[in-house]
Amino acid sequence: MEPLKPVRSGAPEIFLTPYDPGGMEPGIYKKWEESGYFNPDNLKDAKEPYTIIMPPPNANGSLHVGHALFVTLQDLLIRYKRMRGFKTLWLPGADHAGFETQLVYEKKLEKEGRSRFKMEREEFYKETLAFTLENKKFMEGQLRQLGASCDWSREKFTLDPDIVTTVYATFKKLYDDSLVYRGERPVNWSTKYQTSLSDLETKTVERKDPLYYMKYGPFVLATVRPETKFGDTAIAVNPNDDRYKEWVGKEVEFDGLIGPVKLKVVADEYVDMTFGTGVVKITPAHDPNDFEVAQRHGLPAVEVIDRFGKLNEKCGKYAGMKILEARAAVAKDLEEKGLLEKVDETYVHNILVNYKNENDILEPRIMSQWFIKMAPLAERAREAVENGKIRIFPEFQKKIFFHWLENLRDWNISRQIVWGIPIPAWFKDGEIAIGEKPSGEDWQQDPDTFDTWFSSGQWPYATLGYPDGKDFKTYYPTSVMETGYDILFFWVMRMIMLGLYRTGEVPFRDVYLHGLVRDAQKIKISKSKGNVINPLEMTEIYGTDALRMALLVGNTPGMDISLAEPKIKGYKLFSNKLWNIARFVLENTDGEQDAPVTETDQKLLDELHALEKEVTADMENYRVYLAAEKLYHYVWDRFAAKILEESKDILKGSDAATATSRRNTLYGILNTSLKLLHPFMPFVTEAIWQQLPKKENDLLMVAKWPV
RNA sequence: GGGCGGUUAGCUCAGUUGGUAGAGCAAUCGCUUUACACGCGAAAGGUCACAGGUUCGAGUCCUGUACCGCCCACCA
């Protein structure tokens with residue numbers, strides 16, 4: 001780029017060089033951090049607290065553009081409130097992210113030709129910890145690059161000892177209150193990863209599977225899973241089905257593939273008369289619906305598939321076969337014996353899979369695990385939202401919130417993975433001890449770890465040191481929880497439930513839900529699609545301020561935003577515009593002087609004042625996208641294009657008083673514009689502020705917000 | 001099957017309590033004008049998905065329809 005022309009009069013030398021965000025940003029961040037004002041303890045005049053707990057990023061990779069969005073939104077709110085004189089705490093953190101990190105690390109092991117199943121538990125844990133801590137450190141640097149003005153002195157990690165202590169205390173209290181129980185219940189079992197998953201960690205995918213119509217004693221029934229027949233403990237029909245009325249309550253005996261079968265026929269509303277033949281085989285151990293039928297009718301559950309997805313010793317000659325292998329074998333044998341009436345090859349149904357890996361089909365399996373009773377907790381969460389103790393932005397997400405609360409099942413918090421917080425439960429001969437290992441021999445600790453959302457669900461009060469911490473008293477309930485709508489159920493809901501349960505207070509007053517960042521064509525960003533936007537790379541090319549503006553403008557809460565490089569570039573141009581406005585103004589004035597203001601200039605100041613009010617109102621109501629756009633247009637279309645242009649004539653005119661008034665006005669508008677823009681574009685505004693000859697505060701970051 | 005959202009300029013989206021439609025990018029024309037060519041000026045571009053209704057007035061409120069997207073859900 002060509003060098004700029006020399007500046008006239010006494011404009012600061014920095015303006016001799018073009019605007020260079022990449023070169024100036026690290027130094028500015030350092031200045032902020034060293035000032036100590038990220039820490040609210042150093043905001044001496046501030047009284048009323050304003051708190052945001054940062055959603056702790058998973059420490060298993062580098063930050064993506066979704067992280068950049070949350071950093072931008074939260075930093076915007078924090079900087080705005082800090083300038084307004086609040087005692088602002090933005091508490092950063094990192095999440096060990098149990099299952100997800102373990103998955104990432106297992107993949108890494110796979111590439112190296114290793115497997116966690118061939119490693120000692122401790123060895124695997126140690127390696128994963130090292131991997132996580134390394135990522136965490138890297139991530140902290142990236143958060144700084146994005147301008148996050150969070151209080152690093154209060155940073156928390158989900159595995160910090162004090163966090164674990166709090167998590168344990170909550171578990172104990174839930175147990176004492178009978179809200180957590182040890183249950184033998186169906187869980188979603190991953191044979192690949194050897195752990196159960198909560199209902200939220202599953203998703204359904206459509207699949208075409210053969211539907212076998214098999215003869216079963218006197219009946220014909222339709223099933224996609226003939227291989228589970230060895231675990232059948234009943235046959236069910238609908239109580240209103242006249243076709244089978246005579247059989248209800250009777251036992252049927254017939255020869256099965258591996259010997260005689262004797263099953264009771266039960267009547268249950270669950271059976272749909274119109275599906276298949278209206279007859280269902282009940283396999284309680286391998287189907288959650290069948291399990292419930294079995295509960296209602298007092299039927300036993302017989303496990304026939306083991307944790308590795310192989311048929312067990314109860315399955316005669318099929319023992320040792322994998323599920324699909326066994327299915328084919330059973331179907332073939334049924335056919336040979338004339339027991340297969342027909343096969344519907346067009347049948348499409350939904351199957352449960354691992355939400356992180358669609359190829360990982362989850363097997364329903366009965367296991368002894370810890371479950372949290374959701375109903376009582378959900379009720380309090382509903383009340384809090386209903387009576388406005390928690391506000392949700394956008395409002396329509398409230399409906400989704402309520403709808404979800406209606407069909408809740410108990411929450412399985414046991415994970416059979418190594419990477420996580422061990423569950424503080426000990427067993428001995430059917431006895432259970434919670435909290436600490438009891439004295440005496442033979443107590444065995446539960447080998448499982450907590451679902452990571454159980455601990456992160458306690459994040460707001462755990463990070464603030466509940467119950468005795470000084471910070472808890474000052475900063476709880478927090479002001480706003482800003483996060484993506486995609487984790488409304490996983491996280492926000494759990495924080496509300498556990499926060500209310502444990503502290504008796506809501507964890508936050510407002511919930512601001514942002515959308516997903518998509519590419520220019522509105523397509524979901526993913527590595528496999530090759531449309532990844534690396535936020536750190538963008539900040540290096542266009543500046544963090546440009547990236548932030550691109551993420552803010554046009555981004556309404558709860559809606560996905562599309563982002564593309566040209567948009568970011570557009571705001572780099574805006575940063576440059578601001579830079580040059582400052583250059584012009586500072587070439588022409590070295591600060592405000594006492595002098596009368598002309599009527600024309602007073603109108604300009606009034607106009608600016610109206611903008612201050614509007615922007616402030618927008619900020620208070622989370623209309624940040626409007627605030628950003630208004631400032632953009634004011635600065636570019638009004639200040640630069642009109643006011644500044646018409647000033648050229650005034651400044652070189654012969655009327656000294658008018659010229660002085662205009663100089664003061666230009667300086668005033670620049671000053672205020674920098675303040676209003678600072679939460680949005682902290683770096684360039686601070687850089688210019690540093691060049692102002694007269695200012696109320698050395699750091700723009702803690703200058704007073706207009707209005 | 002239930003719920004939620006969307007449909008506005010070529011593309012991506014704003015439009016805060018109803019008052020004659022806006023931005024960015026792209027595309028057109030013209031400009032080295034003493035802050036900025038990372039710039040300036042000018043012009044162009046829309047039956048606001050469709051059909052009804054309320055209103056003096058509807059992109060905005062109500063009813064319905066269509067299409068797109070997302071979430072939830074135990075028909076084997």
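Below are the figures for this structure:
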| quantity | calculated |
| --- | --- |
| A:Pro467 being surrounded by fewer than 22 Cβ atoms within 10 Å (Cβ to Cβ), more than 16 Å from RNA strand B (Cβ to nearest atom) and over 30 Å from A:Tyr105 (Cβ atoms) | yes |
| Test result for A:Asp268, under 36 Å from the mean Cα position of the chain (by Cα) and surrounded by 15 or more Cβ atoms within 10 Å (Cβ to Cβ) | no |
| Qualifying residues in region A:386-396 (those that are touching a residue at least 24 places away in the same chain (Cβ under 8 Å) and surrounded by fewer than 19 Cβ atoms within 10 Å (Cβ to Cβ)) - the one nearest to A:Leu513 (Cα to Cα) | A:Pro394 |
| Lone qualifier among A:Thr158, A:Thr101 - being of a type in the set (Ser, Thr, Tyr), touching a residue at least 60 places away in the same chain (Cβ under 8 Å), in contact with a Pro (Cβ under 7 Å, 6 or more places away or on another chain) and closer than 25 Å to A:Ile423 by Cα | A:Thr158 |
| Only listed residue being closer than 30 Å to A:Arg409 by Cα, out of contact with any strand residue (DSSP E or B) (no Cβ under 9 Å at 6 or more places or on another chain) and away from RNA strand B (no atom under 15 Å from the Cβ), chosen from A:Gly309, A:Gly298 | A:Gly298 |
| Counted residues, region A:38-55 - those being over 15 Å from A:Tyr80 (Cβ atoms) and of a type in the set (A, V, I, L, M) | 2 |
| Of all residues making up region A:32-69, the number that are over 29 Å from A:Ile568 (Cβ atoms) and out of contact with any strand residue (DSSP E or B) (no Cβ under 7 Å at 6 or more places or on another chain) | 6 |
| Residue list for region A:240-264, filter: surrounded by 14 or more Cβ atoms within 10 Å (Cβ to Cβ) and either assigned to a loop (DSSP other than H, G, I, E, B) or under 43 Å from the mean Cα position of the chain (by Cα) (or both) | A:Asp241, A:Val248, A:Leu257, A:Ile258 |
| Entirely in region A:589-707, the helices (runs of 4 or more DSSP H) that have 3 or more residues that are β-branched (Val, Ile, Thr) | A:599-620, A:656-677, A:682-689 |
| Region A:273-294, residues that are part of a loop (DSSP other than H, G, I, E, B), near RNA strand B (Cβ under 7 Å from one of its atoms) and under 38 Å from the mean Cα position of the chain (by Cα) | A:Asp287 |
| Subset of region A:204-236 (residues that are within 10 Å of RNA strand B (Cβ to nearest atom), within 30 Å of A:Asp410 (Cβ to Cβ), among the hydroxyl-bearing types (Ser, Thr, Tyr) and in contact with a helix residue (DSSP H, G or I) (Cβ under 9 Å, 6 or more places away or on another chain)) | A:Thr223, A:Thr228 |
| Filter result for A:Trp689 (surrounded by fewer than 17 Cβ atoms within 10 Å (Cβ to Cβ) and more than 30 Å from A:Ile392 (Cβ to Cβ)) | no |
| Lone unmet requirement of (1) modelled with pLDDT of 90 or more; (2) within 9 Å of RNA strand B (Cβ to nearest atom); (3) over 22 Å from A:Glu696 (Cβ atoms); (4) not β-branched (Val, Ile, Thr) for A:Pro566 | (1) |
| Scan of region A:193-231 for residues that are closer than 30 Å to A:Lys337 by Cα, among the small types (Gly, Ala, Ser) and assigned to a strand (DSSP E or B), ordered by number | A:Ala222 |
| Segments classed as helices (runs of 4 or more DSSP H), wholly inside region A:395-474, with at least 3 members that are touching a Gly at 6+ places or on another chain (Cβ under 8 Å) | A:459-463 |
| Selection from region A:259-272 of residues that are modelled with pLDDT of 90 or more and not charged (D, E, K, R) | A:Pro260, A:Val261, A:Leu263, A:Val265, A:Val266, A:Ala267, A:Tyr270, A:Val271 |
| Residues of region A:586-618 satisfying the condition of being within 48 Å of the chain's Cα centre (by Cα) and among the hydroxyl-bearing types (Ser, Thr, Tyr) | A:Thr616 |
| Hits in region A:172-203 (condition: among the charged types (D, E, K, R) and either away from RNA strand B (no atom under 16 Å from the Cβ) or free of Cβ contacts under 8 Å to residues at least 40 places away in the same chain (or both)) | A:Lys172, A:Lys173, A:Asp176, A:Asp177, A:Arg182, A:Glu184, A:Lys192 |
| Pick from region A:173-192, criterion among the charged types (D, E, K, R) and in a strand (DSSP E or B), ranking: farthest from A:Ile361 (Cα to Cα) | A:Arg182 |
| Neighbours by Cβ (under 7 Å, 6+ apart or cross-chain): first from region A:273-284, on the phi > 0 side of the Ramachandran plot; second within 6 Å of RNA strand B (Cβ to nearest atom) | A:Gly276/A:Ala222; A:Gly278/A:Val271 |
| Subset tally (residues that are in a helix (DSSP H, G or I) and more than 26 Å from A:Lys107 (Cβ to Cβ)) for region A:131-172 | 17 |
| Failed item, numbered, when A:Asp486 is tested on (1) surrounded by 18 or more Cβ atoms within 10 Å (Cβ to Cβ); (2) within 26 Å of A:Pro394 (Cα to Cα); (3) acidic (Asp, Glu); (4) within 16 Å of RNA strand B (Cβ to nearest atom) | (1) |
| Unique residue being of a type in the set (Asp, Glu) and surrounded by 15 or more Cβ atoms within 10 Å (Cβ to Cβ) when the list is A:Asp451, A:Asp429, A:Asp442 | A:Asp451 |
| Number of the condition not met by A:Thr503 [criteria: (1) at pLDDT below 95; (2) farther than 26 Å from A:Leu666 by Cα] | (1) |
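Matching residues to (1) away from RNA strand B (no atom under 16 Å from the Cβ); (2) among the aromatic types (Phe, Trp, Tyr); (3) at pLDDT below 95; (4) under 28 Å from the mean Cα position of the chain (by Cα):
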| position | (1), (2), (3), (4) |
| --- | --- |
| A:Ser9 | no, no, yes, no |
| A:Leu16 | no, no, yes, no |
| A:Asp75 | yes, no, no, yes |
| A:Trp90 | yes, yes, no, yes |
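Let's see how each residue does on (1) within 16 Å of RNA strand B (Cβ to nearest atom); (2) surrounded by fewer than 19 Cβ atoms within 10 Å (Cβ to Cβ); (3) without any contact (Cβ under 8 Å) to a residue 12 or more places away in the chain; (4) within 15 Å of A:Leu257 (Cα to Cα):
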{"site": "A:Tyr318", "(1), (2), (3), (4)": "no, no, no, yes"}
{"site": "A:Ala326", "(1), (2), (3), (4)": "yes, no, no, yes"}
{"site": "A:Glu335", "(1), (2), (3), (4)": "no, yes, yes, yes"}
{"site": "A:Gly338", "(1), (2), (3), (4)": "no, yes, no, yes"}
{"site": "A:Tyr347", "(1), (2), (3), (4)": "yes, yes, no, no"}
{"site": "A:Asn354", "(1), (2), (3), (4)": "yes, no, no, no"}
{"site": "A:Asn357", "(1), (2), (3), (4)": "yes, yes, no, no"}
{"site": "A:Leu362", "(1), (2), (3), (4)": "yes, no, no, no"}
{"site": "A:Gln369", "(1), (2), (3), (4)": "no, no, no, no"}
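The values are calculated or read from the model by the stated rules, or taken from the named source; none is laboratory data. This one's a predicted model, so the numbers in the text were calculated from it and none came from an experiment. Positions of Cβ are generated from backbone atoms using ideal geometry, with glycine treated the same way; all protein chains shown enter the neighbour counts.
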